[in-house]
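Below is one structure, written out as structure tokens; comments come after it.
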Amino acid sequence: MEAFHHAPISFHFPYSFPIPTPTTNFLGTITTPNSSSINGINTWMDSRIWSRLPHRLIDRIIAFLPPPAFFRARAVCKRFYGLLYSSHFLELYLQVSPQRHWFIFFKQRLPRNNIYKNNSTNLGSSVEGYMFDPDNLSWYRLSFALIPQGFSPVSSSGGLICFVSDESGSKNILLCNPLVGSIIPLPPTLRPRLFPSIGLTITNSSIDLAVAGDDLISPYAVKNLTTESFHIDGNGFYSIWGTTSTLPRLCSFESGKMVHVQGRFYCMNFSPFSVLSYDIGTNNWCKIQAPMRRFLRSPSLVEGNGKLVLVAAVEKSKLNVPRSLRLWALQDCGTMWVEIERMPQQLYLQFAELENGQGFNCVGHGEYVVIMIKNNSDKALLFDFCKKRWLWIPPCPFVGNSNNNNNIDYGGSSNNCCGEFGGGELHGFGYDPRLAAPIGALLDQLTLPFQSFN
Amino acid sequence: MITLQSSDKDVFEIEQSILIQSGTIKNMVEDDFTFIPLPSVDTETLIKIIEYMKKHADKTDSKEKNIKEFDKDFMKKTLNELFALVFAANYLHISSLLELLYPSIADRIKDKITEAIRQIFSIRCDFTPEEERRIIMDNKWAHEGTEIEGTLD
């Protein structure tokens, strides 16, 4: 490494180091240093101060790096590489690292008519997830190579992604942290089910899981009857699929997704539209009427800044109400909805033209909501509750080019995409990428017998 | 009034009420020191630290928004300056300033290439080229799809 010169004068000006040719191809584009700095005044870094910055302080800075930067930094030196395994660093990390309201998407699997091709064509193509950072509008591709065949992702919380076995019967469940490649199995559910809806919420010291509906009352008949719940927390309370509760009559769980908001799981009930609410503490279900339920199209539930938000298109053909896309928040009383946002009409016209009545899916996380048009090539919207801003998201560069790893064009403009959302439609959930999930230690105490899924 | 002396031998007279935000200075004041030499903090950095403490001394609610704006602007400095501040704030035990600095610096370096980070922290690479290649391969996802830059500022 080049030695630094010590200059007798102070060093206020930005300094650009002329970087030699990059050592690998993986680093993407490298922007050239600001031309004014190359030709302008060079300053010399005072390595006295910098080499004196103690490890403790450097670690605290690193603990704030977002996951992609952290994993790139692991190549800096052996000490940085080892931080991921240092319990001291992880403790610090868990204390200070901010929550990130990111998302992860997966390609939609085969339709739910249970037709599985012989997997020989899929050999070698393991599950991939596409992580999305809404602050910087950037995409990352995560590999889930360790997940065995026959599992699908259904939910995410606390930095872990929950996979459930596809085969009907009692369900096997895996919790995975894709950043570190860890997998934690949970004990299998008790009642045989086909495609139940899963609700998951994980904190640093507790985990709650609810598995609802699609009870197999006979090998070929399915009915929405019961819910099983799983709970473990640091205070020693646990309930391992021990409690079941009955579902309200005549409910349908078509979306298969449950959203967690403040101690309850919510999911959309269809025909007619209503919202089913499950209280985790009391294991009870109740129904909530949806706003404008006769005029909704494509409703979805998302968590928005600590409240339950319903997103749907409104079509009121009889009255003189313009078509629109609206968001309602459930008030604290638990029964009343208040409209909190409406898509600007100009944008809605654009959106409706692209969407063409096909419907759309929504996922929310913190202040962000992602609206994905079904069956469409490359259009999805991002809404920011705090900034009240709507943005078209640049399409995922990894979809549509899945066999062509080296030829990914990031392009400058999001209008000039070669990636696709659709054709292998993406579905996903909010995901907070974490280096560690303390709940793993609690779950390890379950000491399950080793299960092979091959 | 307390007198602080920087490593460059410049002196500053500041009210005690402002300076107690620094744990180190607070301890010395409690031991009845009124002249405090700070051999690890140069004048330029000390001026910025005093500016920060003055702004944060008055913490009434109405000023909170101003303080946030000030903090945001305060972080708009070169990495050199921020590192000097981290070092001084650590020595002086000013936790609120440190808690502002860590995420700001992390934000500044998050898009930089490995070599730039080594330069910035004065770290020698102790990996063989083969090992380094291997690590990059293992964490390939982190390198894909991002604009990374190589400046040292």
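If the elastic network links every pair of Cα atoms under 10 Å, which of B:ASP42, B:ASP71, B:ASP107 fluctuates the most in the Gaussian network model of chain B?
Result: B:ASP107 has the largest fluctuation of those listed.
Among DSSP beta bridges whose residues both lie in chain B, state the antiparallel percentage, nearest 5.
So the antiparallel bridges in chain B amount to around 50 percent.
Using θ = phi - 60° and the Karplus relation 6.51 cos²θ - 1.76 cosθ + 1.60, list the HN-Hα couplings for the range B:132-139 in order, rounded to whole Hz, with x at every Gly or Pro.
The phi angles translate into 5, 4, 5, 5, 5, 4, 5, 10 Hz.
Considering only C-alpha atoms, what is the centroid distance from the range A:266-322 to the range B:96-140, in Å?
The distance from the Cα centre of the range A:266-322 to that of the range B:96-140 comes to 46 Å.
Take the Cβ-Cβ distance between B:TYR91 and A:TYR238 as r, set R0 to 56 Å, and report the resulting FRET efficiency rounded to the nearest 0.05.
Efficiency computed from Cβ-Cβ geometry: 0.75.
Just list whichever of B:LYS48/B:LYS112; A:LYS374/B:LYS72; A:LYS388/B:LYS72; A:LYS107/B:LYS110; A:LYS307/B:LYS55 have alpha carbons separated by over 32 Å in the model shown.
Exceeds cut-off: A:LYS374/B:LYS72; A:LYS307/B:LYS55.
Using the Karplus equation 6.51 cos²θ - 1.76 cosθ + 1.60 (θ = phi - 60°), what ³J(HN,Hα) coupling, rounded to whole Hz, does each residue of the range A:303-314 give in order, writing x for Gly and Pro?
8, x, 6, x, 10, 7, 10, 9, 10, 7, 8, 10
May I ask you to evaluate 6.51 cos²θ - 1.76 cosθ + 1.60, the Karplus curve with θ = phi - 60°, for each residue of the range B:2-18 and list the ³J(HN,Hα) values in order in whole Hz, giving x for glycine and proline?
Per residue, the Karplus-derived 3J(HN,Hα) values read 10, 9, 10, 10, 7, 5, 8, 6, 7, 10, 9, 9, 9, 5, 4, 4, 7 Hz.
Once you list every other residue whose beta carbon is under 15 Å from the beta carbon of B:ILE2, what net charge do they have if Lys and Arg are +1 and Asp and Glu are -1?
With Lys, Arg at +1 and Asp, Glu at -1, the net is -4.
Could you work out which residue, out of B:PRO37, B:PRO103, B:PRO129, moves most in a Gaussian network model of chain B, that is, has the largest mean-square fluctuation with Cα springs under 10 Å?
Result: B:PRO129 has the largest fluctuation of those listed.
In debye to the nearest 20, how big a dipole does the range B:54-141 give about its Cα centre with +1 on each Lys and Arg Cβ and -1 on each Asp and Glu Cβ?
260
For peptide B:71-84, how many partner chain Cβ atoms fall within 10 Å of a residue's Cβ, on average?
Mean partner shielding for this stretch: 3.
Rounded, prolate or oblate: which fits the range A:53-96, taking a ≥ b ≥ c as square roots of the Cα gyration tensor eigenvalues, rounded meaning a/c under 1.5, else prolate when a/b beats b/c?
Since a/c stays below 1.5, the shape of the range A:53-96 is classed as rounded.
Of B:ALA57, B:ASN27, B:PHE121, whose Cα points farthest to the positive end of the dipole of chain B (charges on the beta-carbon: +1 Lys, Arg; -1 Asp, Glu; origin at the Cα centre)?
Ranked along the dipole, the leading option is B:ALA57.
When the dipole is taken about the Cα centre of the range A:53-96, and only Lys, Arg (+1) and Asp, Glu (-1) are charged at their Cβ, what size is it in debye, to the nearest 20?
About 180 debye.
Under a cut-off of 17 Å between alpha-carbon atoms, report the aspartates and glutamates in cross-link reach of B:LYS9, not counting same-chain residues fewer than 8 places apart.
Counting by Cα, and skipping residues close in sequence, B:LYS9 has these aspartates and glutamates nearby: B:ASP42, B:GLU44.
The numbers here are math on the coordinates, done by the rules we state, and not lab data. Quick caveat: nothing in here was measured; it's all calculated off a predicted structure. Counting neighbours? That spans all protein chains shown, and the Cβs are built from the backbone with ideal geometry, glycine included.
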